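One structure is given below, encoded as structure tokens.
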Amino acid sequence: MTMLVGALLGTAMGCGAFGALIGWRGVPQRSEVRSLGTRTQRQQHAIAPVLRPIAAIASAAVAIGATGWPVAGFIAGIAGFAMPTAFKAKMDRNREIDRMTALATWIEMVRDTASATSGLIEALKTTAVSAPTVVRVPVRQLAARAERESLPKALAKFAEEMDHAVADSIVATLGLAAANQIGSLQEHLAEIAESTRQEVSMRLRIETSRARQFTSARFIASIVAIFSAGMVLFSRPYLSPFDTLLGQVILAIIGGLFLGSGIALVRMSRFNSPPRILNLTGTPITIDER
């Protein structure tokens, strides 16, 4: 009964702590959420805010129920809340690389098609059919809008949907070309594609160099988790010093060091996307039509 009461109290403490954390961080407004290219990504972003608190509460309840230590429940709750971020970090990096590669491939298609067709809008229509899968939907929407409204407005909406610095460069170049304010369109598009591919190549080299460190970190974390669970299940008297107040303080320090190192590793693994050259002030993107 005492263990059950401890588990309930620890769960309540974990819920309160995570509620305070979410309240402090705030919830992004709908206008602040970046547009997503596929239905699967939209579903993942909609489910994630619900699964994180559930994983945190479940982890805290299991840890407190197994050990009776409030600090263990708090550490397990934070780990459960942050675990999806750790697993999602690599997926985000791969998605960013795929996105940049797709934009480079598409702009090369526009460059080659524009040199053989009569106009830029016709080139957009032609490439929309065979654009890379990652950007095919936005490109098709761009081509469809270019037929119904002015090209600068269609390009502005495309930039907002993509929300990426490379897309901004493409939009700026195509907008200037549509206004006859640029010399060689093919040359400028080739430069954008080349610089994008160079950045993708650099990111791939960095990802390869970091792979061994990530593998080592996951291995160490797994060994520590398995060893700790084995000690709780099969050698509980050995852990009796942690039943005291001082033991809980020591456990909080140890857990904080592990969690801090994990958070630092995830932050270090992130790629900082280059800043956008359009819409930096939060105002709608506009391209001068002259």
Quiz item: Counting only residues that are open to solvent by 10 Å² or more (accessible area, probe 1.4 Å) and assigned to a helix (DSSP H, G or I), which one in the stretch 166-183 is farthest from Met100 (Cα to Cα)?
Solution: Ala178
Quiz item: For Phe158, are the conditions met, namely being modelled with pLDDT under 90, in a helix (DSSP H, G or I) and among the aromatic types (Phe, Trp, Tyr)?
Solution: no
Quiz item: What residue, among those in the stretch 184-208 that are of a type in the set (S, T, N, Q) and over 28 Å from the mean Cα position of the chain (by Cα), is surrounded by the most Cβ atoms within 10 Å (Cβ to Cβ)?
Solution: Gln186
Quiz item: Just checking, which of Ile263, Ile254 is on the phi < 0 side of the Ramachandran plot and over 23 Å from the mean Cα position of the chain (by Cα)?
Solution: Ile254
Self-check item: Among residues of the stretch 212-230, those that are open to solvent by 100 Å² or more (accessible area, probe 1.4 Å) and among the aromatic types (Phe, Trp, Tyr), counted
Solution: 2
Quiz item: Out of Thr126, Thr196, which single residue is touching a residue at least 40 places away in the same chain (Cβ under 8 Å) and of a type in the set (Ser, Thr, Tyr)?
Solution: Thr196
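The values are calculated or read from the model by the stated rules, or taken from the named source; none is laboratory data. What you see is a predicted model; the values in this text were computed from it and never measured. All Cβ positions, glycine included, derive from the backbone under ideal geometry; neighbour counts span all protein chains shown. When the accessible area is computed, the model is the full protein with side chains, heavy atoms only, and any ligands, DNA or RNA have been set aside. Shrake-Rupley method; radii C 1.70, N 1.55, O 1.52, S 1.80 Å.
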